[in-house]
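The values are calculated or read from the model by the stated rules, or taken from the named source; none is laboratory data. Computed from a predicted structure; not experimentally measured. Ideal geometry is used to build each Cβ from the backbone, glycine not excepted, and the neighbour counts take in all protein chains shown. Only protein heavy atoms, including side chains, enter the accessible area calculation; ligands, DNA and RNA are left aside. Shrake-Rupley method; radii C 1.70, N 1.55, O 1.52, S 1.80 Å.
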Amino acid sequence: MLYILSIFALLASCVACALSSALMLRVRKTVGAASDVSVIRSAFSPTVKPGTRITGYQDLVDSDGQPFFLPTDSSEPWILAFQSLGCSGCRQQLPGYRKFLEEQGIPEERAVSISIGDPTELGWLKEGLRGAGRMVHVEQDSPLVTGLQITTWPTYLVVGADATVAYAAQSSARLSTFSLRRPSRAVIPVPG
């Protein structure tokens, strides 16, 4: 009797192994080979790459209706955040973004939030930032959004004193891994 049970157990384990192999091959066929995983991961990476220059964007107006210029001539790093007013992820990440700004000691003039969407919904963004940054509302087809090829909301950019992107993230959690306090010792995490 014990002999028969062990044969059934061996048979069951062989069937389970065959099913898991078939599933693995099916997933590999659907997803691609191991070398293709970087392509899948890059789909979730920001479209703005480090080294991208942030210059030449004019005709911006802040949420108070005043002409606004990006701080591209700043001698200090600054933050450029892109948020969609209809984006639930943007709302969820706003407390983490604000915490990053506070922990890094970034003054309001060096934290710029670019928003798209229905301007009547700006209230949640204003309330969430509570003076921690400047807000500019633009249309989705504005030169700033299209020029930087922003297609995912939110997108956070750390811009260096030379007006080039030093780091880009689509998550306030990933943004919080970047330190502006000691730029010479800053660890820039690899996206993905």
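Could you tell me how many of the residues in region 102-131 are in contact (Cβ under 8 Å) with a residue 40 or more places away in the chain and β-branched (V, I, T)?
Of the residues in that region, 2 qualify.
Evaluate the following for L70: is it free of Cβ contacts under 8 Å to residues at least 40 places away in the same chain, more than 15 Å from the chain's Cα centre (by Cα) and under 21 Å from L180 (Cβ atoms)? Outline the logic, then answer.
Numbers: free of Cβ contacts under 8 Å to residues at least 40 places away in the same chain: no; more than 15 Å from the chain's Cα centre (by Cα): yes; under 21 Å from L180 (Cβ atoms): yes.
Against the criterion (free of Cβ contacts under 8 Å to residues at least 40 places away in the same chain, more than 15 Å from the chain's Cα centre (by Cα) and under 21 Å from L180 (Cβ atoms)), L70 does not qualify.
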Is it true that some residue in region 90-98 is touching a residue at least 60 places away in the same chain (Cβ under 8 Å), exposed (fewer than 14 other Cβ atoms within 10 Å of the Cβ) and either in contact with a Phe, Trp or Tyr (Cβ under 7 Å, 6 or more places away or on another chain) or small (G, A, S) (or both)? no
Which residues, taken from region 47-68, are buried (at least 18 other Cβ atoms within 10 Å of the Cβ) and in contact with a Phe, Trp or Tyr (Cβ under 8 Å, 6 or more places away or on another chain)? L60
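Tell me whether region 150-165 contains one or more residues that are in a loop (DSSP other than H, G, I, E, B), open to solvent by 40 Å² or more (accessible area, probe 1.4 Å), under 11 Å from V48 (Cα atoms) and of a type outside the set (F, W, Y). Lay out the reasoning, then the answer.
Narrowing region 150-165 to residues in a loop (DSSP other than H, G, I, E, B): 150-154, 160-163.
If we keep only those that are open to solvent by 40 Å² or more (accessible area, probe 1.4 Å) too, we end up with 151-153, 161-162.
Now narrow it down to the ones that are under 11 Å from V48 (Cα atoms): 151-152.
Remaining after also requiring of a type outside the set (F, W, Y): 151-152.
Among the residues of region 150-165, at least one is in a loop (DSSP other than H, G, I, E, B), open to solvent by 40 Å² or more (accessible area, probe 1.4 Å), under 11 Å from V48 (Cα atoms) and of a type outside the set (F, W, Y), which makes the answer yes.
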May I ask you to list the residues in region 115-135 that are surrounded by fewer than 13 Cβ atoms within 10 Å (Cβ to Cβ) and hydroxyl-bearing (S, T, Y)? T120
